[in-house]
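Asks: Below you will find the structure I want to go over with you.
The values are calculated or read from the model by the stated rules, or taken from the named source; none is laboratory data. Please read all numbers here as calculations on a predicted model, not as lab measurements. Positions of Cβ are generated from backbone atoms using ideal geometry, with glycine treated the same way; all protein chains shown enter the neighbour counts. What goes into the accessible areas is simple: the full protein's heavy atoms, side chains included, and nothing from ligands, DNA or RNA. Shrake-Rupley method; radii C 1.70, N 1.55, O 1.52, S 1.80 Å.
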Amino acid sequence: DTPKYDVRCFFLCPNDRMAHTSIIDTRCEQMLLKGLVTETTVLRQDGKLPLSSQPARAIGYRQTLDYLYRSEAKSKDEEALDQYIEDFTTATRRYAKKQMSWFRKDDSFMFVPVQVLDERKKGDDENEVETKEATMLRVEKAAGIITEMCLLSREEYEKQLLMTLEGEKEGTTTTTTTTNKTNDKQKG
């Protein structure tokens with residue numbers, strides 16, 4: 001009995017875990033600079049963020065509430081602020097790692113490596129900012145791999161998926177065959 005739909009699942013995964021960690025840390029820093037503490041405070045004051053609610057347990061809000069409601073709070077407490085930032089970034093990194101582990105357990109997902117850092121330039125605030133061209137290149141590469149995999153027959157796709165899973169177990173990259181074919185086409 002053949003399935004009614006030909007479903008193919010893909011998971012975009014970073015090709016460099018350390019670079020991904022840096023991106024996560026930068027994203028957390030941006031959230032803080034854009035007012036996470038103020039947002040949390042206003043939501044609490046307006047009664048829209050009860051401490052026992054699900055949103056209050058979400059990463060970001062949880063650490064912010066712990067920081068705001070800490071015992072022995074004092075003005076200009078740099079140590080508490082540093083600990084808050086560390087707790088927030090650590091929780092976010094752990095969640096990202098947990099997501100990767102969860103998807104890796106599902107044999108129906110093909111992992112598509114995405115280059116996380118590419119052609120960076122310094123921004124006005126001295127943070128590294130990815131250029132629009134680099135972003136487009138990363139998106140095009142990932143989309144190209146996914147498109148190629150979708151164009152394969154179901155049988156060929158299953159073979160690629162199996163090779164990917166075997167490669168994962170051996171510690172090699174996931175879609176090397178497809179990526180190499182794409183690179184060869186572009187060179188030739």
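Asks: Calculate, for the stretch 1-88, the solvent-accessible area per residue in square angstrom, rolling a 1.4 angstrom probe over the heavy atoms of the protein chains. Write out the running numbers ahead of the final one.
Replies: On the way: 6430 Å² over 88 residues.
About 73 Å² of surface per residue is accessible.
Asks: Here is the link list: Lys4/Lys98; Lys4/Lys97; Lys48/Lys76; Lys105/Lys159; Lys34/Lys132. Which ones come out longer than 30 Å on Cα distance?
Replies: Working: Lys4/Lys98 32 Å; Lys4/Lys97 34 Å; Lys48/Lys76 27 Å; Lys105/Lys159 18 Å; Lys34/Lys132 22 Å.
With Cα atoms farther than 30 Å apart: Lys4/Lys98; Lys4/Lys97.
Asks: Let me ask another. May I ask you to evaluate 6.51 cos²θ - 1.76 cosθ + 1.60, the Karplus curve with θ = phi - 60°, for each residue of the stretch 19-33 and list the ³J(HN,Hα) values in order in whole Hz, giving x for glycine and proline?
Replies: Result, rounded to whole Hz: 5, 5, 4, 4, 5, 4, 4, 5, 5, 4, 4, 4, 4, 5, 5.
Asks: So, one more: Measure off 7 Å from each Cα along the Cα-to-Cβ vector at Ser71 and Glu170, then give the distance between these two points in nanometres to one decimal.
Replies: A separation of 5.6 nm, rounded to one decimal place.
Asks: Rounded to the nearest 0.05, what FRET efficiency do Asp107 and Val139 give with R0 = 22 Å and r taken as the Cβ-Cβ distance? Could you check?
Replies: It comes out at approximately 0.25.
Asks: Peptides 23-30, 71-78, 50-57: what's the order by average Cβ count within 10 Å, highest mean first?
Replies: Top to bottom by mean Cβ count within 10 Å: 23-30, 50-57, 71-78.
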